[in-house]
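The values are calculated or read from the model by the stated rules, or taken from the named source; none is laboratory data. Owing to the predicted nature of the structure, the values given are computational and were not obtained by experimental measurement. Note that each Cβ is placed from the backbone with ideal geometry, even for glycine, and that neighbours are counted across all protein chains shown.
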Ligand code: ADP
Ligand code: MG
């Protein structure tokens with residue numbers, strides 16, 4: 001595996017009395033697709049919030065591309081090359097697909113590439129080229145996810161964080177998202193995915209990190225993680241406790 005593009009050491013986050021993340025060491029190899037999994041409340045979103053600067057760590061370090069980023073503001077972190085695709089896309093509904101993606105291109109712009117070319121490229125990668133003139137408000141949930149990925153890609157990240165891009169999608173929509181993630185990686189981007197769709201995780205990931213109650217309980221290639229007794233117990237325990 002190549003050198004990590006993202007490394008955390010002892011990453012810890014306390015919210016008043018609650019420890020949402022505890023002493024987490026994670027290395028995401030450059031050029032890989034990694035997944036972060038774990039039951040609800042495990043700390044997956046907190047990890048993304050820490051890495052993107054939405055919340056500051058209580059302890060520990062975050063190094064991105066050789067530079068300490070913990071404590072930096074979100075827009076600085078984004079400009080350094082970390083993009084985030086949210087689960088709930090909030091496009092400008094009256095704008096076309098192209099103009100929504102262009103917002104990402106302009107936000108990430110640092111003068112070295114034409115925003116229109118960046119926009120076209122991001123739409124092509126996300127399978128939206130045939131929908132460039134559609135109003136965002138007319139898109140199905142599957143296409144909204146593509147739009148959210150395209151917007152994040154257009155900010156020109158080196159590391160793309162994708163928060164449950166397959167949630168609520170049918171198998172063919174999910175397969176399309178998996179293809180998009182692979183195309184993104186083929187461009188040299190690194191992808192870190194939070195995803196509940198285990199089939200997608202197993203199919204697309206080079207390496208999987210498992211969180212439970214804010215701690216990393218396992219990591220490894222997907223085939224090994226699927227058979228890991230601690231991982232199985234974490235998921236079964238949650239199901240057994242959750243009457244829903
Ligand atoms: P996941 O995304 O894995 O479901 P989260 O990272 O959202 O888990 O949450 C981990 C824990 O941290 C949960 O107990 C959650 O209630 C708590 N938490 C997350 N964000 C905050 C916050 N801003 N304030 C207080 N508690 C939080
Ligand atoms: Mg979450």
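Among the strands (runs of 3 or more DSSP E) contained in segment 5-86, which hold 2 or more residues that are out of contact with any helix residue (DSSP H, G or I) (no Cβ under 9 Å at 6 or more places or on another chain) and under 26 Å from residue 218 (Cβ atoms)? Fully inside segment 5-86 and qualifying: 18-29, 59-64.
For segment 15-58, taking the residues that are more than 19 Å from residue 162 (Cα to Cα) and more than 9 Å from ligand 1 (Cβ to nearest atom), the one that is surrounded by the most Cβ atoms within 10 Å (Cβ to Cβ) is identified as 24. Hey, can you tell me all the residues within segment 204-219 that are surrounded by fewer than 22 Cβ atoms within 10 Å (Cβ to Cβ), out of contact with any helix residue (DSSP H, G or I) (no Cβ under 6 Å at 6 or more places or on another chain) and on the phi < 0 side of the Ramachandran plot? Residues satisfying the conditions are 206, 207, 215, 219.
Look at residue 96 and say whether it is within 16 Å of the chain's Cα centre (by Cα) and within 26 Å of residue 182 (Cα to Cα). Walk me through it before giving the result.
On the way: within 16 Å of the chain's Cα centre (by Cα): no; within 26 Å of residue 182 (Cα to Cα): yes.
No.
Exactly one residue among 60, 43, 66 is more than 16 Å from ligand 2 (Cβ to nearest atom), within 17 Å of residue 8 (Cα to Cα) and touching a residue at least 12 places away in the same chain (Cβ under 8 Å), and that residue is 60. All of (1) crowded, with 21+ Cβ neighbours inside 10 Å; (2) closer than 30 Å to residue 105 by Cα; (3) in contact with a strand residue (DSSP E or B) (Cβ under 9 Å, 6 or more places away or on another chain) hold for residue 196 with one exception: (1).
Here segment 160-180 is the region considered, the condition is being over 14 Å from residue 143 (Cβ atoms) and within 15 Å of ligand 1 (Cβ to nearest atom), and the residue that is surrounded by the most Cβ atoms within 10 Å (Cβ to Cβ) is 162.
Of the residues that make up segment 138-150, is at least one within 18 Å of residue 165 (Cβ to Cβ), assigned to a loop (DSSP other than H, G, I, E, B), at pLDDT 95 or above and within 16 Å of ligand 2 (Cβ to nearest atom)? No, that holds for no residue.
When we screen 141, 210 for residues that are more than 24 Å from residue 114 (Cα to Cα), in contact with a strand residue (DSSP E or B) (Cβ under 6 Å, 6 or more places away or on another chain) and in contact (Cβ under 8 Å) with a residue 12 or more places away in the chain, the only hit is 210.
Scanning segment 189-203 for residues being within 13 Å of ligand 2 (Cβ to nearest atom), closer than 27 Å to residue 65 by Cβ and either touching a helix residue (DSSP H, G or I) at 6+ places or on another chain (Cβ under 6 Å) or modelled with pLDDT under 95 (or both) gives a total of 2.
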